[in-house]
1. Using Cβ contacts closer than 10 Å as the measure, can you line up 75, 51 from fewest to most?
2. Evaluate the distance, in nm, between pseudo-label points positioned 7 Å from the Cα of residue 95 and of residue 51 along their respective Cα→Cβ axes.
3. For the peptides 82-92, 29-39, what is the packing order when you average, over each peptide's residues, the other Cβ atoms within 10 Å and list the highest mean first?
4. Order of 55, 67 from fewest to most other C-beta atoms within 10 Å?
5. Test of understanding: express the Cα radius of gyration of the range 26-95 as a ratio to 2.2 N^0.38 Å, with N the residue count.
């Protein structure tokens, strides 16, 4: 990777980190509202989903997972584990991919005689 591109990607990453506002985890009632809205939408769109949910012991629901990246990326989301339809636990999903999202090009040249 060219030094200019690497410097630009590093600068952009540091600029985003420095200007990111502080975020706080959602409260249990906020997560519950998102989970119930997501399940209602799921049941409306997918035929047979409600019956399958009633047969299951537990369902893990993340109403939204935010993905972002430039060179380096990450994902974050908050959700709830429902056991027999009631919230049993809350969870946060985090992920930082190890591979680069910026396309890299590798060139090989051989001297011509």
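No value in this document is a laboratory result; all are computed from the given coordinates. Here the structure is a predicted model, which is why all the values come from computation and not from measurement. Backbone-built Cβ (ideal geometry, glycine too); neighbour counts: all protein chains shown.
1. Ascending Cβ contact count within 10 Å gives the list 51, 75.
2. The two pseudo-label positions are separated by 3.1 nm.
3. Values: 82-92: 12.9, 29-39: 15.8.
Packing proxy ranking, top to bottom: 29-39, 82-92.
4. Ascending number of Cβ neighbours within 10 Å: 55, 67.
5. Working: Rg = 13.5 Å, N = 70, 2.2 N^0.38 = 11.1 Å.
That works out to 1.22 for the range 26-95.
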